[in-house]
Amino acid sequence: MRSRTSVFVGNLVFVAVCLSAGPVFFLVGCSAWRDHPGWDWPAFMAALGLAGTVMIPVLAITATRQEYPRITRRHRVQGGNVRCPDDTFVMWAPRVEQGSAQAQLVRADVLEASLARYHPDGESTFTTHCGNYTPDEFTPLIRLRLRVHDAEETDGTGGFEVTGEWRVPSLCLSAITAGRLVVLVDTPAAPGTQRTVTPHWPRSNLLSGTRTYRVIDFEGRTSQVTRRVGRQLQQMRISREVGGVVMTGDTVDLRRLDPHTAARYAALADRDRTVPEEQAPVSEPGEEARRLADQLPGEKAAFGSVGRRWSRRGGVLVRGRFLEMRARTTFQDHGPVLDTVLRIQPADGTPPFDAARRLTVPMDYLTVLHRTKEVVLIANPNGASYDVDWARSSLLAGITAAQVITPDGRELPLGERPDTVWALMNLLASHGLSNPSPVLDLRKPRMRAAAGILMDVCA
């Protein structure tokens with residue numbers, strides 16, 4: 001992972017080359033002004049050159065802050081005394097077409113998924129578009145094979161299959177990996193013709209469990225609706241019939257709805273209390289057939305690089321968790337730029353705090369949001385700032401399976417052991433050992449001093 005200093009130096013050199021005429025104009029103007037103090041053009045040239053010269057460090061600092069965002073005290077969310085639960089996750093995805101009023105809103109299971117096309121030409125630059133939509137060039141085209149269910153069933157036994165290619169907003173990719181979508185199915189124009197299937201991506205995030213979902217009843221009791229597929233589908237149909245129901249964060253408060261809609265929601269809540277619905281699995285069976293993380297861009301997963309000076313001064317790794325992601329209209333090739341809220345747990349044991357920061361989130365990480373919202377942050381030795389480490393975050397999230405090779409050559413897979421991966425990352429950081437790979441080979445000479453303690457963690 002590149003350090004902030006190296007990013008700044010690179011940007012400074014690039015901007016200096018692009019604006020190299022500024023210092024030249026300034027020197028030429030000053031020289032001509034000394035020889036011809038009464039002339040106006042030397043003064044104008046010197047002023048123009050001075051402005052261009054001053055812009056070099058300003059633009060370099062601005063580009064570094066955007067490319068390498070650092071979380072500091074000024075990003076802390078004010079009013080932290082009203083704290084949302086730790087398991088909250090709110091996602092504001094781009095708007096989508098609502099479909100015809102005659103279309104049925106039903107569940108569809110993803111049987112297979114593969115990347116058909118994603119070829120933006122913006123390279124690593126930031127590209128901003130106008131309007132509340134996601135442009136095609138930054139929206140991956142995904143080929144899907146779906147089993148669409150009938151409106152009255154949710155257990156996956158009926159319906160029909162359909163295969164097609166759809167543009168999937170990057171914020172909604174985890175719904176495909178989870179395997180549960182909400183789709184709109186039009187009535188066929190004539191008997192025997194194929195029905196039109198249109199995925200509804202924001203609602204799919206709810207049904208897949210990526211976005212949390214709660215309902216507050218008339219008595220102020222909160223019920224968890226996350227991954228309760230049957231109840232969610234019924235609530236979505238009610239919401240669609242009435243033209244939409246406002247969610248405050250991830251919560252619908254029945255006391256703020258019109259009486260008729262609130263009564264329909266309350267009836268579903270009463271039925272769920274009488275016959276509780278079990279939560280659907282985090283991911284439907286067959287996830288390996290719809291895994292997109294390996295096909296989409298993102299930073300390579302690794303145990304991470306360690307700066308020796310940072311390690312000697314007491315720098316540590318800490319964990320954070322996304323509470324909120326909000327779509328914007330700025331993109332990079334490897335992911336969208338999002339307004340996020342992170343809950344950070346400081347390493348010194350002080351209470352966690354929430355920070356609002358604009359971040360570029362890699363697309364491969366977005367595909368696993370139904371499983372985890374955690375990220376790894378590099379804490380400054382004085383605890384005043386934090387930087388998101390996407391290489392370590394990807395490994396902790398399981399985008400790439402971690403592996404340890406023991407001193408005697410045995411291979412230990414750590415794919416289902418995130419706590420072990422986290423402990424190994426911290427030990428490597430405390431010993432100043434870099435390992436820019438998802439495979440930790442303890443046979444290497446530089447690993448010998450710490451091999452014993454690392455093996456104790458893996459046991």
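Read-outs: derived from the displayed coordinates by stated rules, not from any lab. A quick note: this is a predicted structure, and the numbers were derived from the prediction, not measured. Note that we place each Cβ from the backbone using ideal geometry, even for glycine, and neighbour counts take in every protein chain shown.
Where both partners of a DSSP beta bridge lie in the chain, what percent of those bridges are antiparallel, to the nearest 5? Kindly include the intermediate steps, with their values, before the conclusion.
Working: 65 of 74 bridges.
Around 90 percent antiparallel, to the nearest 5.
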**Message:** From Cα pairs below 8 angstrom and at least 6 apart in sequence, can you work out the relative contact order of the chain, rounded to a whole percent?
**Reply:** 15
**Request:** Report the calculated FRET efficiency for SER100 and THR125 (r = Cβ-Cβ distance, R0 = 45 Å), to the nearest 0.05.
**Result:** 0.70
**Item:** Dipole axis of the chain (+1 Lys, Arg; -1 Asp, Glu on Cβ), positive-most option in VAL242, GLY452, ALA32
**Value:** ALA32
**Item:** Residues in the stretch 214-251 that a label on ALA263 would reach, taking backbone N under 17 Å of a point 7 Å out along Cα→Cβ
**Value:** 218-219, 238-239, 242
**Message:** Can you give me the distance in nm between label points at ALA451 and THR222, each placed 7 Å from the Cα along the Cα-to-Cβ direction?
**Reply:** 5.0
**Request:** Count charges around MET363 for me, please; just the other residues with Cβ under 11 Å from its Cβ, Lys/Arg as +1, Asp/Glu as -1.
**Result:** -3
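Given the Cα-Cα distance of THR406 and THR330 and 0.36 nm per residue of separation, how much length would full extension add, in nm? Provide the component values of the computation, followed by the final result.
On the way: separation 76, 0.36 × 76 = 27.36 nm, distance 4.42 nm.
Separation in residues times 0.36 nm, less the Cα-Cα distance, equals 22.9 nm.
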**Asked** What residues have an amide H closer than 5 Å to that of LEU338, excluding those fewer than 5 places away on the same chain, when H is modeled at 1.01 Å from N in the peptide plane?
**Response** LEU359, THR360, VAL361
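Å³ per residue of the Cα convex hull, for the chain?
Working: hull volume 98.0 nm³, N = 459.
With only Cα atoms used, the chain gives 213 Å³ per residue.
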**Request:** Could I have the simple spin-label model distance between ASP270 and GLU241, label points 7 Å from Cα toward Cβ, reported in nm to one decimal?
**Result:** 1.6
**Request:** With unit charges on the beta carbon (Lys/Arg positive, Asp/Glu negative), name the residue among MET363, LEU207, GLY315 whose Cα is farthest towards the positive pole of the charge dipole of the chain.
**Result:** GLY315
**Request:** Answer with one residue from CYS172, TRP92, LEU144: the one whose Cα lies farthest towards the positive end of the charge dipole of the stretch 90-289, charges on Cβ with Lys, Arg +1 and Asp, Glu -1.
**Result:** TRP92
**Request:** Determine, for each peptide in 368-379, 349-360, the mean count of other beta carbons within 10 angstrom over its residues, then list the peptides with the highest first.
**Result:** 368-379, 349-360
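By its C-alpha gyration tensor, with a ≥ b ≥ c as the square roots of the eigenvalues, how is the stretch 90-289 shaped: rounded for a/c under 1.5, else prolate for a/b larger than b/c, else oblate?
Values: a/c = 1.71, a/b = 1.36, b/c = 1.25.
Cα axes put the stretch 90-289 in the prolate bin.
Mind checking the dipole of the stretch 295-458: about its Cα centre, +1 per Lys or Arg Cβ, -1 per Asp or Glu Cβ, Debye to the nearest 20?
About 400 debye.
Hey, got the dipole for the chain? About the Cα centre, +1 on K and R Cβ, -1 on D and E Cβ, debye to the nearest 20? Provide the component values of the computation, followed by the final result.
Working: 55 positive and 49 negative charges, 285 e Å.
The dipole of the chain has a size of about 1360 debye.
Contour minus end-to-end for PHE14 and ASP86, with contour as 0.36 nm per residue of separation and end-to-end as the Cα-Cα distance?
Numbers: separation 72, 0.36 × 72 = 25.92 nm, distance 4.21 nm.
Roughly 21.7 nm would be gained on extension.
Mean residue ellipticity at 222 nm from the helices of the chain, using -39,500 (n - 2.57) per DSSP H segment of n ≥ 4 over the full residue count, to the nearest 500 deg cm²/dmol?
Working: 12 runs with 141 residues, N = 459.
My calculation for the chain gives -9500 deg cm²/dmol from helical runs alone.
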**Asked** Tell me, what is the percent relative contact order of the stretch 161-246, built from C-alpha pairs under 8 Å that lie six or more residues apart?
**Response** 21
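With a ≥ b ≥ c the root eigenvalues of the C-alpha gyration tensor of the stretch 400-459, is it rounded (a/c under 1.5), prolate (a/b larger than b/c) or oblate? Mind dumping the intermediate values first?
Details: a/c = 1.44, a/b = 1.16, b/c = 1.23.
Rounded.
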**Fill in**
Which residues qualify? For SER437, with a placed amide H closer than 5 Å and at least 5 residues away or on another chain, they are PHE303, GLY304
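I need the calculated FRET efficiency for the pair ARG255 and ASP136, taking r as the beta carbon distance and R₀ as 41 Å, to the nearest 0.05. Before the final figure, lay out the partial values.
On the way: r = 41 Å, r/R0 = 1.01.
After rounding, the FRET efficiency stands at 0.50.
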**Request:** Would you mind working out the magnitude of the charge dipole of the stretch 90-289 relative to its Cα centre, with +1 at each Lys and Arg C-beta and -1 at each Asp and Glu C-beta, to the nearest 20 Debye?
**Result:** 460
